Amino acid sequence: APLFLEILFNLRREANDPAKSIFSGTARAILALMHGLLEAWIQEGSEDQIITLVDFFDLIEPELREILPQDMRVVEGTEETIGIADEVENPDSDVQEFDLAVAKAILLLQHVPDTIPMTERNLGVAVLSDLDGPTQFQMENRVEESLQRLRKFIRPSHDEVGPRYTFANQEEREIYVE
């Protein structure tokens with residue numbers, strides 16, 4: 001929960017009117033979001049599931065559209081542009097559902113760069129939903145493969161903190177396709 005709180009706090013600072021953001025009561029918001037998610041899982045009989053950054057992303061998605069419209073257009077697409085979610089639905093595309101999860105984790109982790117370095121290992125942990133599933137090494141490999149498929153949408157870079165990933169704008173994506 002501390003990571004989720006920090007993400008919400010940083011997103012709130014980016015909102016046009018932070019006082020009107022649903023994140024203005026950050027602690028209450030995160031507790032309510034997580035409580036609702038856990039209750040839904042218990043009702044579904046998924047008591048051993050863990051809360052991932054992807055689950056968190058899905059819960060705050062409407063607010064993300066308002067605060068981060070450009071990045072959300074890359075993730076979701078629009079009528080004019082193809083997004084990662086559109087590529088997942090396209091049978092001719094190599095982009096997979098796992099890639100969409102990686103993109104969602106990247107979008108959120110961009111807002112806590114000093115807390116969680118955006119390495120392939122950390123991205124693997126961020127999207128891991130089953131503790132009995134793939135090993136950390138396997139997840140790291142899956143993330144590396146995913147980032148290769150997403151190279152049209154997500155650009156790697158490095159700075160003093162370490163690796164970073166940013167969403168490509170429409171012009172950069174068009175150049176990549178050419």
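Give or take rounding to whole Å, what are the principal axis extents of the alpha carbon atoms in region 89-178, in descending order?
40, 36, 17
How do the peptides 142-153, 57-68, 100-111, 125-136 rank, highest first, by the average count of neighbouring beta carbon atoms within 10 Å per residue?
Descending mean neighbour count gives 100-111, 142-153, 57-68, 125-136.
Report the far tail of the P(r) of region 42-134, meaning the percent of Cα-Cα pairs longer than 22 Å. Let's see the in-between values first.
On the way: 1459 of 4278 pairs.
Above the 22 Å cut-off, region 42-134 has 34 percent of its Cα pairs.
For residue 68, which sequence-distant residues (separation of 5 or more, or a different chain) have an amide H within less than 5 Å of its own amide H, given hydrogens modelled in the peptide plane?
HN-HN under 5 Å from residue 68: empty list.
Kirkwood hydrodynamic radius, region 59-108, all distinct C-alpha pairs: what's the number in Å?
Hydrodynamic radius (Kirkwood, Cα only) of region 59-108 equals 11.1 Å.
Leaving ligands, DNA and RNA out of it, work out the accessible area of residue 158 with a 1.4 Å probe and give it in Å² to the nearest 10.
150 Å²
Amide H of residue 168: which non-local residues (sequence gap of 5 or more, or other chain) have their own amide H closer than 5 Å, using H built in the peptide plane?
Here the answer is 154, 155, since their amide H atoms fall under 5 Å of that of residue 168.
The values are calculated or read from the model by the stated rules, or taken from the named source; none is laboratory data. Because the structure is a prediction, the values reported are computed rather than measured. We place every Cβ from the backbone using ideal geometry, glycine too, and count neighbours over all the protein chains shown. Surface accessibility is based on the protein's heavy atoms, side chains included, excluding ligands, DNA and RNA. Shrake-Rupley method; radii C 1.70, N 1.55, O 1.52, S 1.80 Å.
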